[in-house]
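Q: Provided herewith is a single structure, encoded as structure tokens, for subsequent inquiry.
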Amino acid sequence: MEPENALEIFHLSKRYPLFSLDDVSFSLERGTIMGFIGRNGAGKSTTLKALFNIVHPDSGDVSFFGLPYVGNERAIKNQTAFSAGAFEYYQNKTLKSITEVTRRFYEKWDDAVYAAYLKKFGLDENKTPAELSEGMKVKYSLCLALSHNAELLILDEPTSGLDPVSREEVLEIFLSLVEQGKTILFSTHIISDLEKCADSITYIQRGRILASCPVAEFQNRYKIAHFAHQADIDECSLNIKGIRRAKEGFTALIEKQSGADKQPVDESAATLEQIMVHLEAEKEAETHV
Amino acid sequence: MLLIPNYPYYVVFFYACLGVFFMCLQGRENHDIFYSLLLPIEKKDIVKARISAVVLVELAQMIFAIPFMLIRGLFPIPGNQVGMDANWSLLGLSFIMLGLFNLIYFTYYYKHPQKVGTAFAWGSLGITLFMIVAESTAHAVPFVVNVLDGPNAEHTAVKLITLVVGLFVFSAMTYLAYKKSARSFETLDL
């Protein structure tokens, strides 16, 4: 029987002088899309790089399709695509010659699929990466990642630098890939990407995983409370998180299970973006105390 | 350059080392290591591929040098006045020099792939010292002066043995360079 999870990460840690990844664990179910979110510098790219030993973790284990990464590097990389944003390599070679070299490494490279994505993204093979805009470089990177029949795609900010129409296109490609049974993990800080296509999210904050669960579940954990004056906040007995100034008064997060019904508070449903900014405000406040 | 009548012939093989430096420099500018990391290969394969390519370049230069070494021997003029003559032992000793370069250069380079220049500086320093010592022995050490130096026709067997020993030392040092580099590169963060 095939393993249920395409990716499992157990207790991954990496210590740097000013930052550390701390006991990162989460798993990704086959045939789903997971959004990996967190603010700049939260550890998204470091985590993704650590999956492939590009950053060498101090401790922890990673397994793909039930196989540990260590010892199965080649097989796993053949079934996986990793793209780290824009294509920043060999700036003065034509896309054609870069692809010609790249394709030879993959067991299941598919020229027809590659040609179809080139056309879809409007990429000219005779151009060099130096001649492409940032967005087009991202598209070329995606094009390479999508052309070797990978079962699992791990994409670091695949939508950053893309115009809204292209972003939509890329997200639609994700949805159709998942329909074919593929699995996708992508990092982003564009929250609407998640709303469009993610089944689950993993939220990382300063190197620690804050949540890893279905999008709806995460969203249902919180509500937004509105306060007109500072005094209202002080009087409120609820556990409120991440107070931020709003145009009129203040807003804060409240956890749904915290007995919010007992006290009349002006509240509304929380969007992912609101949850994120308030959780970050909470963290800021904690650090400054 | 082996046809220059009087010249420190070891320098000829330094040019291969310079080539290695440019190869890695270009790799750095093209972010070659990161590109390679995305391919379905193991991390140590990146080291293996680079060192293999360098060995091919070094061997090619050595093979290409052989006819010129032989031609230099045909000149009806005295041997090299600077140091070692162009003969089989020069090639053998140069193999040791290249092995030394590979060991110093790659061990440093795969710990700090961004510092191509520093790696090259250390490698060059190592082989410069080697050249100074090697050329000095061609004037001062009787065995080198009488047996290893001089035309190929004299002490041919010892000269050929020097070549074989040189090739062996080169292989051992380069293999050690690969082992050490692969180990440090495995734990390197990029």
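FYI, it's all coordinate maths here, none of it is from the lab. Note that the structure is predicted; figures quoted are calculated from it, not measured. Note: ideal-geometry Cβ built from the backbone for every residue, glycine included; neighbour counts use all protein chains shown.
Q: ³J(HN,Hα) across region A:195-206 via Karplus (A = 6.51, B = -1.76, C = 1.60, θ = phi - 60°), whole Hz, x for Gly/Pro?
A: Once θ is set to phi - 60°, the couplings for region A:195-206 become 4, 6, 9, 7, 8, 9, 10, 10, 10, 10, 9, 6 Hz.
Q: Report relative contact order for chain B in percent, whole number only (criteria: Cα-Cα under 8 Å, sequence separation at least 6).
A: 32
Q: Hey, for a label at residue A:29 modelled as a point 7 Å past Cα toward Cβ, could you say which residues of region A:178-206 have their backbone N under 17 Å away?
A: A:178-186, A:197-203
Q: Right, here's the next one. Taking 0.36 nm per residue of sequence separation and subtracting the Cα-Cα distance, how much length would be gained by fully extending the chain between residue A:149 and residue A:172, in nm to one decimal?
A: Length gained between residue A:149 and residue A:172: 6.6 nm.
Q: What percent does the relative contact order of chain A come to when contacts are Cα pairs within less than 8 Å and at least six residues apart?
A: 20
Q: Could you give each residue of region A:82-99 its phi-based ³J(HN,Hα) in whole Hz, using Karplus coefficients 6.51, -1.76, 1.60 with θ = phi - 60°, and x for Gly or Pro?
A: Working through the residues one at a time gives 10, 10, 9, x, 6, 7, 10, 10, 6, 4, 10, 9, 6, 4, 4, 6, 5, 5 Hz.
Q: On a 0 to 90 degree scale, rounded to 10, what angle separates helix B:43-74 from the longest Cα axis of chain B?
A: 20
Q: Taking the Cα centre of region A:161-209 as origin, work out the dipole magnitude from +1 charges on Lys and Arg Cβ and -1 charges on Asp and Glu Cβ, in debye rounded to 20.
A: 400
Q: Here is a follow-up. Along its three principal axes, how long is region A:1-130 when you only count alpha carbons? Whole Å, largest extent first please.
A: 45, 43, 26
Q: In addition: List the residues whose amide H sits under 5 Å from the amide H of residue A:211, counting only those 5 or more places along or on another chain, with H placed 1.01 Å from N in the peptide plane.
A: Residues meeting the amide H criterion: A:203.
Q: Near residue B:51, within a Cβ-to-Cβ distance under 12 Å, what is the net charge of the other residues, with Lys and Arg +1 and Asp and Glu -1?
A: Charge balance near residue B:51 sits at +3.
Q: Next question. For region A:177-247 and region B:16-48, write down the distance between their C-alpha centroids in whole Å.
A: Each part's Cα centre sits 41 Å from the other's.
Q: Follow-up. Where does chain B land at 222 nm, in deg cm²/dmol rounded to the nearest 500, when only DSSP H runs of n ≥ 4 count, each adding -39500 (n - 2.57), divided by all residues?
A: Per the formula, -25500 deg cm²/dmol.
Q: Roughly what percent of Cα-Cα pairs across region A:22-69 reach past 12 Å?
A: Tail fraction, whole percent: 69.
Q: After finding the eigenvalues of the alpha carbon gyration tensor for region A:116-210, what semi-axes result from the square roots of 5 times each, listed largest first in whole Å?
A: Each semi-axis is the square root of five times an eigenvalue, giving 24, 16, 12 Å.
Q: Also, I was wondering about something else. If R0 is 22 Å, what FRET efficiency do you get for residue A:246 and residue A:195 from their C-beta distance, rounded to 0.05?
A: Once the sixth-power term is evaluated, E becomes 0.55.
Q: Sequence-distant or interchain residues sharing an amide H contact under 5 Å with residue A:149, placed H: which?
A: Distant-sequence amide H within range of residue A:149: A:110.
Q: For B:38-48, what's the mean count of beta carbons from other chains sitting within 10 Å of each residue's beta carbon?
A: The shielding value for this peptide is 5.
Q: Along the charge dipole of chain B, pointing to its positive end and built from +1/-1 on Cβ of Lys, Arg, Asp and Glu, which listed residue (B:95, B:4, B:173) has its Cα farthest out?
A: Result: B:173, furthest along the dipole toward the positive end.
Q: Dipole size in debye (nearest 20) for the protein assembly as shown around its Cα centre, Lys and Arg Cβ +1, Asp and Glu Cβ -1?
A: Dipole size: approximately 1500 debye.
Q: Give me the angle, in degrees from 0 to 90, between the Cα long axis of helix A:272-288 and the longest principal axis of the Cα atoms of chain A, rounded to the nearest 10.
A: The answer is roughly 70 degrees.
Q: Given charges of +1 on the Cβ of Lys and Arg and -1 on the Cβ of Asp and Glu, with all other atoms neutral, how large is the dipole of chain B about its Cα centre, in debye to the nearest 20?
A: The calculation lands at about 400 debye.
Q: Here is a further query. Within 10 Å of each candidate Cβ there may be at most 15 other Cβ atoms; applying that plus a DSSP loop requirement, which GluC sites (Glu not before Pro) in region A:95-150 survive?
A: Loop-located and lightly packed - A:107, A:125.
Q: Apply the a/c threshold of 1.5 to the C-alpha gyration tensor of region B:56-166 and tell me whether it is rounded, prolate or oblate.
A: prolate
Q: Here is a follow-up. Taking every pair of distinct Cα atoms and averaging 1/r, then inverting, what Kirkwood hydrodynamic radius in Å comes out for chain B?
A: Kirkwood hydrodynamic radius for chain B: 17.4 Å.
Q: When N is the residue count of region A:179-289, what does its C-alpha Rg come to as a fraction of 2.2 N^0.38 Å?
A: Computed over Cα atoms of region A:179-289, the ratio equals 1.17.
Q: While we're here: Over the C-alpha atoms of region A:86-135, what are the Rg and the largest Cα-to-Cα span, Dmax, in Å?
A: For region A:86-135, the Cα-based Rg and Dmax read 11.0, 30 Å.
Q: Would you compute, for the Cα atoms of region B:5-67, the largest minus smallest coordinate along each principal axis and list the three values in descending order, in whole Å?
A: Per principal axis, max minus min of the Cα coordinates gives 50, 21, 14 Å.
Q: While we're on this one: Would you calculate the volume per residue, in Å³, of the smallest convex hull containing every Cα atom of chain A?
A: Hull volume normalised by residue count: 156 Å³.
Q: Positive end of the dipole of region A:1-160, charges at C-beta (+1 Lys, Arg; -1 Asp, Glu), about the Cα centre: which of A:37, A:82, A:99 has its Cα farthest in that direction?
A: Selected residue: A:99.
Q: Test of the criteria: in region A:107-191, which trypsin sites (Lys or Arg not before Pro) are in a DSSP loop and have at most 16 other Cβ atoms within 10 angstrom of their Cβ?
A: A:108, A:127
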